Amino acid sequence: MSEQIILSARGLDFYYGPAQALRSIHLDIPAKKVTALIGPSGCGKSTFLRCLNRMNDLIPGARAEGSLTFHGEEIYQKGRDVAALRRRIGMVFQKPNLFPMSIYDNVAYGPRLHGIRSRSALDETVERSLRAAAIWEEVANRLKRPALGLSGGQQQRLCIARALAVEPEVLLMDEATSALDPISTGRIETLLGTLKDRYTIVLVTHNMRQAARVSSRTAFFLNGEVVERGPTERLFSMPRDRRTEAYLTGCLG
Amino acid sequence: MNPRHIRDFAAKALLWLSAGAVSALLLALAGYAGFRGAPELSWRFLTGQESILGGTAGILPSVVNTLVVIAVSLAVVLPVGVGAAVYLTEYARNRLFVEGAAFAAGVLSGVPSILYAMIGALVFCDKLGLQKTLLAGSLTLSIMTLPTVLRTTQESLKAAPLSYREGALGLGAGKWPMIRTLILPASVDGIVTGCILAAGRVVGETAVLMYTAGLSMVMQDFSSLQSALDASGATLSTALYVYAKERADFGAAFAVATVLLFLTAAINSLAAAVGRRVRRV
């Protein structure tokens with residue numbers, strides 16, 4: 001089975017000031033698949049995820065070395081248009097981070113930023129995104145109401161809709177279900193199943209069963225290194241590294 | 001009662017006493033000013049102007065001058081102060097520069113206003129040829145209140161939730177669109193607070209205005225731009241000084257004080273209402 005590699009790390013090192021958070025990461029992310037990054041807290045999986053859309057730029061003193069490419073172009077290249085990169089690589093955060101505006105305005109925020117002004121085009125994008133995030137039925141009759149009045153699970157799906165509205169190629173999910181109840185989590189996992197045909201999804205999760213359920217590839221991080229990576233089924237059933245096995249069976253982390 | 005209860009009770013009593021003392025003091029001050037000023041207050045006093053020939057007293061010119069000075073100085077300090085705060089908090093990379101600016105703002109906000117008065121008189125009235133006018137006074141006051149607006153705005157920009165920044169940047173927003181659509185609206189409270197404090201200092205200021213805006217109590221002509229630029233005169237606080245110090249007319253002085261209290265209360269409510277309105281949008 002041939003797969004197209006869309007994101008690729010080659011010897012990526014990452015530092016927060018003097019502290020090294022990632023050590024020589026080699027990792028390929030295939031297009032239109034769900035890739036799960038697992039590992040104990042502080043292992044670097046979220047740091048790696050936030051390298052992909054340069055969200056780490058917000059942290060003073062953070063810097064990357066080595067190679068990290070998106071469609072073959074260096075993500076950390078000098079003069080890179082970071083806003084354009086982030087438009088193509090969307091992100092959903094651990095806690096729902098909707099803006100204090102209406103449901104409609106939240107979803108329309110991205111398209112408006114990128115210059116879409118026409119009312120009908122915005123209406124269409126908002127509806128399409130809300131449908132894609134499986135939340136249209138729940139909010140269709142209250143689009144003008146404040147987004148912060150929704151439940152946590154609904155807010156997170158609205159965040160996904162907001163990210164989809166700018167039509168990214170990649171969707172990064174940083175423990176996006178860890179603050180949600182099991183039912184909301186289940187909904188989002190089902191949603192990921194429908195999204196993976198159209199988007200490349202990279203998922204950081206603490207929930208091993210979630211990684212097993214939704215991803216086709218998994219990478220196991222430990223102490224800033226990728227210990228093992230491979231097809232999810234193989235990695236979970238026949239881990240090659242002793243440390244992966246220890247983590248999966250609950251003896252590590 | 002065990003010792004823990006006693007300590008708890010003592011702490012509560014002390015806190016209640018401080019709160020009570022503060023409230024009592026404020027009420028007593030306002031009450032006394034109102035009590036002494038009320039007999040002088042009349043519709044004619046509020047809407048008339050002073051005339052030696054006619055033998056009438058009236059403070060309408062000072063009320064108008066006060067409002068003009070507040071409006072002009074806020075119109076200058078608000079864009080400059082907020083703009084500088086946004087630059088220093090969001091854009092400036094040089095730590096030394098940012099800290100130097102914060103230090104300078106701290107020093108400037110503690111400088112006695114008589115110093116601003118001298119600088120204003122030298123720069124605006126003399127060098128720039130504005131003479132003693134409301135414009136020169138307003139410009140001097142906008143410099144004096146700049147540190148206040150700068151600092152309160154900076155504090156509220158820093159307090160804007162990180163989640164807004166991450167959310168907007170994650171969608172590919174540029175820095176300025178993010179600031180304009182999310183960070184500034186989230187900072188309205190702080191900006192409004194800065195404006196209230198600035199307006200408060202403007203309303204209460206005398207030294208600066210005596211040196212830069214004049215003491216005339218005659219109605220000025222604001223009908224054309226030229227005459228408005230030339231307008232010169234006392235605000236309520238300087239009028240209060242003139243009544244109390246130069247004419248020993250304490251009845252009128254207390255009446256002016258009462259009007260000042262009401263004006264300050266009105267400014268506060270207005271600012272609060274504006275804040276609520278902006279935040280809702």
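The values are calculated or read from the model by the stated rules, or taken from the named source; none is laboratory data. Not measured: the values here are computed from a predicted model. Heads up, the Cβs are rebuilt from the backbone with ideal geometry, glycines too, and the neighbour counts pull from every protein chain shown. Keep in mind that these areas ignore ligands, DNA and RNA; they rest on the heavy atoms of the full protein, side chains included. Shrake-Rupley method; radii C 1.70, N 1.55, O 1.52, S 1.80 Å.
How much net charge surrounds A:M55 when only the other residues with a Cβ under 12 Å from the Cβ of A:M55 are counted, with Lys and Arg +1 and Asp and Glu -1?
+1
What trypsin sites (Lys or Arg not before Pro) does the range B:181-281 have in DSSP loop regions with at most 14 other beta carbons within 10 Å?
Details: sites: B:R201, B:K245, B:R247, B:R276, B:R277, B:R279, B:R280; in loops: B:R247.
The qualifying sites are B:R247.
Compute the Cα gyration tensor for the protein assembly as shown, then decide on rounded, prolate or oblate, letting a ≥ b ≥ c be the square roots of its eigenvalues: rounded whenever a/c is under 1.5, prolate when a/b is larger than b/c in the other cases, and oblate in all that remain. Don't jump to the answer; show the numbers that get you there.
Numbers: a/c = 2.63, a/b = 2.41, b/c = 1.09.
In terms of gyration-tensor shape, prolate.
Heavy-atom accessible surface, probe 1.4 Å, ligands and DNA/RNA ignored: which residues of the range A:85-106 lose at least 40 Å² versus the isolated chain?
Going by heavy-atom accessible area, the residues of the range A:85-106 that drop by at least 40 Å² are A:R86, A:N97, A:F99, A:P100.
Summing +1 for each Lys or Arg and -1 for each Asp or Glu, what net charge is found among the other residues whose Cβ lies under 13 Å from the Cβ of B:A168?
The answer is +4.
For the pairing of chain B with chain A, what total accessible surface becomes buried, with a 1.4 angstrom probe, in square angstrom to the nearest 100?
1400 Å²
Compute the accessible area per residue over chain A, keeping the other protein chains in place, probe 1.4 Å, unit Å².
On the way: 11320 Å² over 253 residues.
Value for chain A: 45 Å² per residue.
Could you check what % of the DSSP bridge pairs in the protein assembly as shown are antiparallel, to the nearest 5?
If I count the DSSP bridges inside the protein assembly as shown, around 60 percent turn out antiparallel.
Counting other Cβ atoms within 10 Å, which trypsin sites (Lys or Arg not before Pro) in the range A:153-211 have at most 15 and lie in a DSSP loop? Show your work: numbers first, answer last.
Details: sites: A:R157, A:R162, A:R187, A:K196, A:R198, A:R209; in loops: A:K196, A:R198.
When the trypsin sites (Lys or Arg not before Pro) of the range A:153-211 are filtered for loop state and at most 15 Cβ neighbours within 10 Å, A:R198 remain.
From the phi of every residue in the range B:196-209, what ³J(HN,Hα) in whole Hz does the Karplus formula 6.51 cos²θ - 1.76 cosθ + 1.60 yield, where θ is phi - 60° and glycine or proline is x?
Computed from phi, the couplings for the range B:196-209 are 4, 4, 5, 4, x, 5, 5, 4, x, 7, 10, 3, 4, 6 Hz.
Just to be sure I understand the interface: list residues from the range A:146-166 that lose 20 Å² or more of accessible area between the chain on its own and the complete protein assembly, 1.4 Å probe.
Checking the loss per residue gives A:R162.
Which value, in Å² rounded to 10, gives the accessible area of B:D126 with a 1.4 Å probe and all protein chains present?
100 Å²
Calculate what fraction, in whole %, of the accessible area of chain B sits on carbon and sulfur atoms when a 1.4 Å probe is rolled over the protein chains.
Roughly 70 percent, rounded to a whole number.
Return the lysines within reach of B:K245: Cα separation strictly under 27 angstrom, same-chain partners fewer than 8 residues apart disregarded; answer none if there are no such residues.
Within reach: B:K132.
With every protein chain kept in place and ligands, DNA and RNA left out, what is the accessible area per residue of the range B:87-201? Probe 1.4 Å, answer in Å².
Working: 5400 Å² over 115 residues.
Here the per-residue accessible area is 47 Å².
Could you run the Karplus curve 6.51 cos²θ - 1.76 cosθ + 1.60 with θ = phi - 60° over the range B:59-71 and give me ³J(HN,Hα) per residue in whole Hz, x for Gly and Pro?
The phi angles translate into 10, 3, x, 5, 4, 4, 4, 4, 4, 5, 5, 4, 4 Hz.
Using a 7 Å offset from the Cα along the Cα-to-Cβ direction at both B:W176 and B:A30, what is the distance between the two label points in nm, to one decimal?
The answer from the label model is 4.4 nm.
Would you please give the residues with an amide H less than 5 Å from that of A:E228, counting only those at least 5 places away or on a separate chain, with H modeled from the backbone geometry?
A:F220
Could you pull out the pairs from A:K95/A:K196; A:K45/A:K78; A:K45/B:K158 whose alpha carbons sit more than 26 Å apart here?
Numbers: A:K95/A:K196 22 Å; A:K45/A:K78 24 Å; A:K45/B:K158 28 Å.
Beyond 26 Å between Cα atoms: A:K45/B:K158.
Which ³J(HN,Hα) values, rounded to whole Hz and listed in residue order, are derived for the range B:41-47 from phi using the Karplus coefficients 6.51, -1.76 and 1.60 in 6.51 cos²θ - 1.76 cosθ + 1.60 with θ = phi - 60°, glycine and proline given as x?
6, 8, 4, 5, 5, 6, 10
Can you list the residues, at least 5 places off or on another chain, whose amide H is less than 5 Å from the amide H of A:G39, using H built in the peptide plane?
Close amide H contacts, sequence-distant or interchain: A:F221.
Give me the residues in the range B:151-197 whose solvent-accessible area, probe 1.4 Å, is reduced by at least 40 Å² once all protein chains are included instead of the chain isolated.
Buried on complex formation: B:Y164, B:E166, B:L169, B:G170, B:L171, B:G172, B:L182.
In debye, nearest 20, what is the charge dipole magnitude of the range A:5-248 about its Cα centre with +1 on Lys and Arg Cβ and -1 on Asp and Glu Cβ, if you could check? Walk me through the intermediate numbers first.
Working: 35 positive and 25 negative charges, 44 e Å.
With only Lys, Arg, Asp and Glu charged at Cβ, the dipole is about 220 debye.
Keeping the other protein chains in place, figure out the carbon and sulfur percent of the accessible area of the range A:5-248, with a 1.4 Å probe.
The nonpolar share, carbon plus sulfur, comes to 48 percent.
Check each of the trypsin sites (Lys or Arg not before Pro) in the range B:27-133 and keep only those in coil by DSSP with at most 12 other C-beta atoms within 10 angstrom; list them in order.
B:R93
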